[in-house]
Amino acid sequence: MTISAMGMAPPPPETAFPVRFQYDLSYASADHGVKRLVKEHSLNNLTSQYISILWDEGSHKTNVRSFLGELCEILSGQRFSVFTQEMLDSVIGTLRERGNSNATINRKMAALSKLLRKACKMGDIYNLPEFRRQKERQGRIRFLEAEEEQRLFSAIRMRCEDSYRLCVFLVDTGCRLGEAIGLNWNDLQDSRSTFWLTKSGRSRTVPLTARVKEVIQIPHGRLKGPFAMHTQVRFRAIWNEAKAEVGLGSDDQVVPHILRHTCASRLVRGGIDIRRVQIWLGHQTLSMTMRYAHLATNDLDSCVAVLERH
């Protein structure tokens with residue numbers, strides 16, 4: 001190496017090879033095992049892509065769409081290739097600030113988790129956060145007493161005979177509103193009703209009471225089922241008008257779903273064991289049905305005699 005007149009070494013000659021830059025690329029595998037580069041997606045993108053694959057048509061899918069839309073709004077449309085734990089914690093914190101109960105947060109997180117698992121499996125994102133179920137406080141279950149049912153049903157019948165028939169069906173079968181509206185005539189056979197469009201995705205069949213058999217005796221015409229003339233929005237509007245008329249307008253627990261609670265409470269108080277009530281309602285786990293167990297007070301009467309002996 002020669003030294004210049006200034007006593008400094010000359011600059012090194014230009015290299016014959018270009019400089020190589022390092023890129024941090026993330027890949028994920030889809031179902032077929034092919035590796036591909038992960039792009040960034042928004043929650044709305046993933047919802048549009050997979051909601052019809054993951055959820056059947058019905059009220060539950062409508063709720064899921066609403067849940068996921070709210071979560072995307074919280075994230076301000078942020079695009080991501082990995083849904084981080086920090087993003088999840090931030091979403092949960094915002095929902096809590098908005099007054100969402102732990103039970104409501106759990107329902108929204110269940111929808112988010114299902115969507116993200118599908119996206120990860122398909123190679124759209126390459127990592128998932130840890131979803132932890134929020135502890136839910138056991139609230140008091142509201143149900144209708146016989147006198148309340150009579151007043152409410154009478155007010156509904158004055159407005160719409162079809163809505164009255166639907167109320168009778170709901171309270172005596174314990175089914176969900178969407179399950180009843182989605183019934184086809186073929187689902188009613190041999191004094192039984194089979195529900196196929198259920199929340200759990202599992203069908204169930206229950207026997208019908210005498211008054212339910214009576215209210216489903218209507219001309220078929222072009223109707224697909226006994227309550228196909230209804231939409232949930234129309235029925236809820238009629239329900240709310242009647243509810244206000246009979247003095248229950250300020251009770252936010254008197255919603256159509258109270259008829260399912262009422263059916264369950266009558267079964268338990270009538271001495272039906274919890275396992276059979278679980279099957280009747282179509283609960284996936286016994287813990288859901290155990291919310292009504294405290295109503296089975298007669299089951300504990302024999303305990304008093306044991307205690308009094310001591």
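The values are calculated or read from the model by the stated rules, or taken from the named source; none is laboratory data. The shown structure was predicted, so the numbers you read here are calculated from the model rather than taken from an experiment. Backbone-built Cβ (ideal geometry, glycine too); neighbour counts: all protein chains shown.
Any residue that is out of contact with any strand residue (DSSP E or B) (no Cβ under 7 Å at 6 or more places or on another chain), modelled with pLDDT of 85 or more and farther than 29 Å from Thr62 by Cα - is there at least one of those in the stretch 218-239?
Within the stretch 218-239, one or more residues are out of contact with any strand residue (DSSP E or B) (no Cβ under 7 Å at 6 or more places or on another chain), modelled with pLDDT of 85 or more and farther than 29 Å from Thr62 by Cα.
Give the stretch 38-66 a look and list any residue that's hydrophobic (A, V, I, L, M, F, W, C) and either surrounded by 18 or more Cβ atoms within 10 Å (Cβ to Cβ) or at pLDDT below 90 (or both), or say none.
Val38, Leu43, Leu46, Trp55, Val64 - these are the residues of the stretch 38-66 that are hydrophobic (A, V, I, L, M, F, W, C) and either surrounded by 18 or more Cβ atoms within 10 Å (Cβ to Cβ) or at pLDDT below 90 (or both).
Of Arg176, Arg202, Arg192, which residue is within 30 Å of Lys114 (Cα to Cα) and in contact with a Ser or Thr (Cβ under 9 Å, 6 or more places away or on another chain)?
Values: Arg202 fails: in contact with a Ser or Thr (Cβ under 9 Å, 6 or more places away or on another chain); Arg192 fails: within 30 Å of Lys114 (Cα to Cα).
Result of the check over Arg176, Arg202, Arg192: Arg176.
Could you pull out the residue among Leu267, Leu281 that is in the same structural domain as Arg176 (by TED's automatic domain parsing), within 29 Å of Gly201 (Cβ to Cβ) and within 20 Å of the chain's Cα centre (by Cα)?
Just a single option satisfies the conditions, and that option is Leu281.
With the checklist (1) within 21 Å of Glu145 (Cβ to Cβ); (2) polar (S, T, N, Q); (3) not in a helix (DSSP H, G or I) in hand, flag the one item Ser163 doesn't pass.
Answer for Ser163: the failing condition is (3).
Considering only the stretch 192-223, state which residues are among the charged types (D, E, K, R), part of a loop (DSSP other than H, G, I, E, B) and closer than 27 Å to Ile279 by Cβ.
Lys199, Arg202
Look through the stretch 127-178, keep the residues that are among the acidic types (Asp, Glu) and within 26 Å of the chain's Cα centre (by Cα), and return whichever of them is modelled with the highest pLDDT.
The extreme case among them is Asp172.
Among the residues that make up the stretch 224-240, is at least one of them closer than 27 Å to Ala293 by Cα and not acidic (Asp, Glu)?
no
For the stretch 284-310, give me each residue that is of a type outside the set (Val, Ile, Thr), assigned to a helix (DSSP H, G or I) and closer than 28 Å to Arg204 by Cα. Let's see the steps before the verdict.
Narrowing the stretch 284-310 to residues of a type outside the set (Val, Ile, Thr): 284, 286-288, 290-296, 298-303, 305, 307-310.
Add one more test, that the residue is assigned to a helix (DSSP H, G or I), and what stays is 286-288, 290-295, 298-303, 305, 307-308.
Across the stretch 284-310, the qualifying residues are Leu286, Ser287, Met288, Met290, Arg291, Tyr292, Ala293, His294, Leu295, Asp299.
Quick one: Arg260 ticks every box in (1) within 19 Å of Ser193 (Cα to Cα); (2) touching a Pro at 6+ places or on another chain (Cβ under 8 Å) except a single one, so which number is it?
Exception for Arg260: condition (2).
Restricting attention to the stretch 179-191, which residues are in a loop (DSSP other than H, G, I, E, B) and either surrounded by 21 or more Cβ atoms within 10 Å (Cβ to Cβ) or under 18 Å from the mean Cα position of the chain (by Cα) (or both)?
Gly182, Leu183 - these are the residues of the stretch 179-191 that are in a loop (DSSP other than H, G, I, E, B) and either surrounded by 21 or more Cβ atoms within 10 Å (Cβ to Cβ) or under 18 Å from the mean Cα position of the chain (by Cα) (or both).
Considering each of Arg96, Arg107 in turn, give the residue that is within 30 Å of Arg266 (Cβ to Cβ) and either free of Cβ contacts under 8 Å to residues at least 24 places away in the same chain or not polar (S, T, N, Q) (or both).
Matching residue, one of Arg96, Arg107: Arg107.
If I filter the stretch 244-258 for residues that are on the phi > 0 side of the Ramachandran plot, in the same structural domain as Arg202 (by TED's automatic domain parsing), assigned to a loop (DSSP other than H, G, I, E, B) and of a type outside the set (S, T, N, Q), do I get at least one hit?
Yes.
Among the residues in the stretch 203-217, are any surrounded by 14 or more Cβ atoms within 10 Å (Cβ to Cβ), farther than 15 Å from Phe143 by Cα and touching a Gly at 6+ places or on another chain (Cβ under 7 Å)?
yes
Would you call Arg236 farther than 22 Å from Leu197 by Cα and not in a loop (DSSP other than H, G, I, E, B)?
Numbers: farther than 22 Å from Leu197 by Cα: no; not in a loop (DSSP other than H, G, I, E, B): yes.
No.
Might you check whether a residue that is surrounded by 14 or more Cβ atoms within 10 Å (Cβ to Cβ) and acidic (Asp, Glu) occurs anywhere in the stretch 251-267?
Keep residues of the stretch 251-267 that are surrounded by 14 or more Cβ atoms within 10 Å (Cβ to Cβ), which gives 254-256, 258-267.
Within this subset, residues satisfying the condition of being acidic (Asp, Glu) are none.
No, there is no match, as no residue in the stretch 251-267 is surrounded by 14 or more Cβ atoms within 10 Å (Cβ to Cβ) and acidic (Asp, Glu).
Is at least one residue of the stretch 137-154 under 30 Å from Glu86 (Cβ atoms) and not aromatic (Phe, Trp, Tyr)?
yes
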